[in-house]
Amino acid sequence: MNLNWRNINAIYRKDLFDAIKDARVLLALIVPFGIAIFYNVMFDDEEPMQESTVVYTEVGSTLPERLQEALSDTIDLVLEPADSEDEVRQVLEDEDADMGLIIPEGFDEDLMDEQTPALGLLFRDGDGVPINTLSGSVDLVVRQMVGTPEPVALSVEMVAPPDGTGPSLFTDLGIRVYFVLASMMMLIGTIGILAVPIILAEEAEKKTLEALTLIASYLDVVIAKALVGLTYLGVGIGLLLALTQMWPADPLIFFSGVLMLGVALVGFGLLLGGLFKSANQLNNWGGLILLPVIAPAFIVGVWEPDVFGYVIEAIPVAQGMKLAVNGMSGEAIFANIWISYAILAVWIVIAYAALVFRLSRIRN
Amino acid sequence: MIQTSPVESEQRSTTPDSEVMIDVRNLSKRFGDIKAVDNISFTVHRGEIFSFLGHNGAGKTTTIRMLTGRSRPTSGSATIAGMDIVTQRDDILPIINVVPEDQNLYERLTGRANLELFADLYGAPRQRVDELLERVGLEEASKRATKTYSSGMKQRLLIARALINKPELLFLDEPTRGLDPASSKELRDMINELSQQNTTVFLTTHLMEEADDLSHTVAFISAGKLVAIDSPRELKLRHGERSAAVLLEDRSEQVIDLHDAADARRLQEWMEAGQVLAIHSREGTLEDVFIEIAGRSL
């Protein structure tokens with residue numbers, strides 16, 4: 001199979017502008033683009049802080065406010081005053097608060113007089129309440145109130161994060177960037193698995209492929225379609241980066257990941273385009289095919305490693321997302337990215353080997 | 001409308017060049033147990049209009065697919081302009097073209113853009129696009145998307161597309177299907193003109209009259225086998241009745257056997273008496289010949 005760049009160029013130029021006049025192709029481009037813009041507008045770059053409610057006996061102590069201030073960087077503490085210990089207990093039983101503070105009358109004064117006043121901490125037996133954080137912070141604040149110097153300047157940092165566990169991913173990247181990146185992966189998926197095969201399937205359905213292959217080889221046609229898909233991908237990702245004002249901290253990792261994922265998915269898309277009898281048929285089934293292909297982009301960072309997690313890891317979009325996340329943040333949020341490159345490379349080899357095999361059999 | 005100079009049938013009957021354009025030897029194509037084309041052989045000379053007739057599924061399209069390099073023969077060989085269809089496919093493609101049965105145009109593109117695409121593919125100058133648009137009478141419509149074209153306009157654009165590389169061999173698959181009588185006539189004139197210019201035309205059609213009117217040679221294919229091949233006149237003479245219908249003054253029609261001496265004398269008497277108004281040959285039509293050979297009509 002010989003390549004003819006004159007043919008490839010002619011078909012590429014025709015498809016580049018003709019294909020987007022097809023509503024199915026246009027939708028495949030616009031929907032993920034719109035979703036990315038939506039996420040960009042909906043979320044900001046601040047890490048969402050966990051909210052906790054503390055109910056306390058109102059005795060004029062400054063402890064609740066000091067506690068709120070001390071935790072302001074990590075927990076959004078909501079203070080709710082109560083008239084008595086019983087009311088504090090009731091509020092906790094009603095699950096309207098996460099922690100109760102039973103502060104006796106004259107707590108602040110007794111503290112300053114070094115009389116060791118009693119302080120009761122009540123916790124609700126519930127989910128997600130950072131008990132250690134809250135109780136540890138109470139101890140810290142009380143020491144500050146007394147004027148005891150802190151024995152150490154403690155800093156907390158997650159070292160060698162487990163592969164994409166939720167908190168570190170969102171802390172380092174931010175929800176906005178994470179979801180915009182996931183939408184970019186979706187865009188690559190819809191271009192590769194939907195738009196490109198629709199372009200090819202339409203050629204076969206309308207029999208224009210017969211006219212093209214009278215002078216051009218199937219390989220010329222397929223390469224032209226692949227280049228069209230990669231051009232759409234480049235323009236789409238470029239526009240999204242510009243509109244969301246995001247720029248990868250490590251462009252090499254980011255763009256190599258995006259390119260490898262695009263090449264792999266476009267390859268599979270071209271295979272897919274040859275399997276369906278019509279572009280409409282492909283469009284109808286495309287959603288089903290797309291779902292498992294692009295879903296990993298949205299869950300790869302938060303899914304706990306289990307059997308299903310390993311399946312997700314094998315899907316190229318998951319690896320593309322990992323490279324995009326690391327490339328965008330400039331940090332090793334996902335460890336061992338060479339595995340991501342290797343998995344994408346394997347998918348590329350599989351896709352194009354199958355494609356070449358299929359093309360070699362067409363004339364027989 | 002297709003603008004061509006009218007070509008008389010006597011001109012069409014001019015002998016094609018002696019140079020062989022298509023040489024098919026024992027060509028076969030099998031799909032599993034099915035023999036789509038079964039050991040056919042024929043030659044077509046440069047400038048010849050060659051009609052390939054047969055039922056649906058008889059093997060016409062498979063033969064064309066092999067000759068145009070889209071399908072490999074199972075056995076046998078064929079050359080086009082002396083080049084092997086398998087080993088020299090890439091050298092053959094620039095000198096042939098096809099007007100397909102399906103109107104496979106890019107419907108969202110304009111007529112001009114359709115032609116420009118194929119001009120680029122064949123490396124033809126853009127000037128050729130203008131020439132062809134004028135030749136098929138689509139200059140004014142050339143800026144419209146082809147989905148707005150009538151069936152006849154699309155067919156003319158397909159013909160223009162097939163001529164973009166000035167092919168030495170043109171395959172026409174049911175070229176007048178869907179055309180009105182006037183457009184069909186213009187297309188037939190155009191085919192004759194191409195033949196005059198030494199372009200070889202390989203035609204498939206269901207219209208026997210069209211094949212009879214246009215062709216230097218007609219080949220009948222049935223169940224993958226070539227069952228007859230000759231000029232339309234020879235086929236009709238060989239397989240038709242050797243008789244004539246004589247219309248007399250009294251409006252009666254008498255049938256005479258051209259081999260019978262008594263009938264010859266009767267004809268002489270009528271003519272001497274001035275009673276003959278018209279004599280019609282009853283040599284039969286290609287349709288009759290096809291039915292006789294293939295067992296049923298197209």
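The values are calculated or read from the model by the stated rules, or taken from the named source; none is laboratory data. As the structure is a computational prediction, the values presented were derived from the model and not from experiment. All Cβ positions, glycine included, derive from the backbone under ideal geometry; neighbour counts span all protein chains shown.
Residue B:169 falls short on exactly one of the conditions (1) at pLDDT 95 or above; (2) more than 18 Å from the chain's Cα centre (by Cα), and that condition is (2).
Listed conditions (1) outside any loop (DSSP other than H, G, I, E, B); (2) more than 10 Å from chain A (Cβ to nearest Cβ); (3) surrounded by 17 or more Cβ atoms within 10 Å (Cβ to Cβ) are all met by residue B:77, apart from (3). When segment B:268-298 is limited to residues that are small (Gly, Ala, Ser) and under 24 Å from the mean Cα position of the chain (by Cα), the one that is nearest to residue B:240 (Cα to Cα) turns out to be B:284. Looking at residue A:273, is it modelled with pLDDT of 90 or more, buried (at least 18 other Cβ atoms within 10 Å of the Cβ), more than 20 Å from the chain's Cα centre (by Cα) and more than 27 Å from residue A:247 (Cβ to Cβ)? In short, no. The listed residues are B:104, B:114, and the only one of them that is out of contact with any Pro (no Cβ under 7 Å at 6 or more places or on another chain) and part of a loop (DSSP other than H, G, I, E, B) turns out to be B:104. For segment B:91-122, taking the residues that are free of Cβ contacts under 8 Å to residues at least 12 places away in the same chain and surrounded by fewer than 18 Cβ atoms within 10 Å (Cβ to Cβ), the one that is farthest from the other protein chains (Cβ to nearest Cβ) is identified as B:91.
Under the condition of being in a helix (DSSP H, G or I) and of a type outside the set (S, T, N, Q), the residues counted in segment B:190-224 number 11.
Yes or no, residue by residue, for (1) surrounded by fewer than 14 Cβ atoms within 10 Å (Cβ to Cβ); (2) of a type in the set (A, V, I, L, M, F, W, C):
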residue: A:87; (1), (2): no, no
residue: A:100; (1), (2): no, no
residue: A:105; (1), (2): yes, no
residue: A:113; (1), (2): yes, no
residue: A:119; (1), (2): no, yes
residue: A:123; (1), (2): no, yes
residue: A:135; (1), (2): yes, no
residue: A:143; (1), (2): yes, no
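Return yes when residue B:147 is modelled with pLDDT under 90, in a helix (DSSP H, G or I) and surrounded by fewer than 20 Cβ atoms within 10 Å (Cβ to Cβ) and no when it is not. No.
Residue pairs whose Cβ atoms lie under 6 Å apart, sitting 6 or more positions apart in sequence or on different chains, and linking a residue in segment A:190-213 that is touching a residue at least 60 places away in the same chain (Cβ under 8 Å) and within 13 Å of residue B:106 (Cβ to Cβ) to a partner that is polar (S, T, N, Q) and surrounded by fewer than 24 Cβ atoms within 10 Å (Cβ to Cβ), are A:205/A:278.
Taking residues in segment A:20-44 that are closer than 15 Å to residue A:187 by Cα and in the same structural domain as residue A:233 (by TED's automatic domain parsing), and partners anywhere that are among the polar types (S, T, N, Q) and surrounded by fewer than 16 Cβ atoms within 10 Å (Cβ to Cβ), the pairs with Cβ atoms closer than 9 Å and at least 6 places apart or on different chains are A:24/A:280; A:40/A:245. Across segment A:195-207, what is the total count of residues that are touching a helix residue (DSSP H, G or I) at 6+ places or on another chain (Cβ under 8 Å) and either farther than 19 Å from residue A:352 by Cβ or within 13 Å of chain B (Cβ to nearest Cβ) (or both)? Adding up the residues that qualify gives 6. Taking every residue in segment A:233-244 that is surrounded by fewer than 14 Cβ atoms within 10 Å (Cβ to Cβ) and pairing it with any residue that is in a helix (DSSP H, G or I), at least 6 positions away or on another chain, the pairs with Cβ-Cβ distances below 8 Å are A:243/A:37; A:243/A:40. Put simply, of A:254, A:357 the only residue that is away from chain B (no Cβ under 14 Å), assigned to a helix (DSSP H, G or I) and under 16 Å from the mean Cα position of the chain (by Cα) is A:254. Close Cβ contacts (under 6 Å, 6 or more residues apart or on different chains) running from residues in segment A:344-355 that are under 12 Å from residue A:320 (Cα atoms) to residues that are hydrophobic (A, V, I, L, M, F, W, C) and assigned to a helix (DSSP H, G or I) comprise A:344/A:260; A:344/A:264; A:347/A:264. Just checking, does segment B:158-169 include any residue being touching a Lys or Arg at 6+ places or on another chain (Cβ under 8 Å), surrounded by fewer than 19 Cβ atoms within 10 Å (Cβ to Cβ) and farther than 25 Å from residue B:196 by Cα? No, because not a single residue in segment B:158-169 is touching a Lys or Arg at 6+ places or on another chain (Cβ under 8 Å), surrounded by fewer than 19 Cβ atoms within 10 Å (Cβ to Cβ) and farther than 25 Å from residue B:196 by Cα.
Considering only residues that are assigned to a loop (DSSP other than H, G, I, E, B) and surrounded by fewer than 17 Cβ atoms within 10 Å (Cβ to Cβ), look in segment B:123-136 and name the one that is farthest from the other protein chains (Cβ to nearest Cβ). Per the criteria, the residue is B:125. Can you tell me which residues in segment B:20-63 are under 25 Å from residue B:167 (Cα atoms), of a type in the set (Lys, Arg) and either at pLDDT 95 or above or assigned to a strand (DSSP E or B) (or both)? Once the filter is applied, which keeps residues that are under 25 Å from residue B:167 (Cα atoms), of a type in the set (Lys, Arg) and either at pLDDT 95 or above or assigned to a strand (DSSP E or B) (or both), segment B:20-63 yields only B:25. Among the residues making up segment B:245-298, those that are hydrophobic (A, V, I, L, M, F, W, C), within 26 Å of residue B:228 (Cα to Cα) and assigned to a loop (DSSP other than H, G, I, E, B) are B:258, B:298.
Just one of (1) buried (at least 24 other Cβ atoms within 10 Å of the Cβ); (2) free of Cβ contacts under 8 Å to residues at least 12 places away in the same chain; (3) not basic (Lys, Arg) fails for residue A:254. It is (2).
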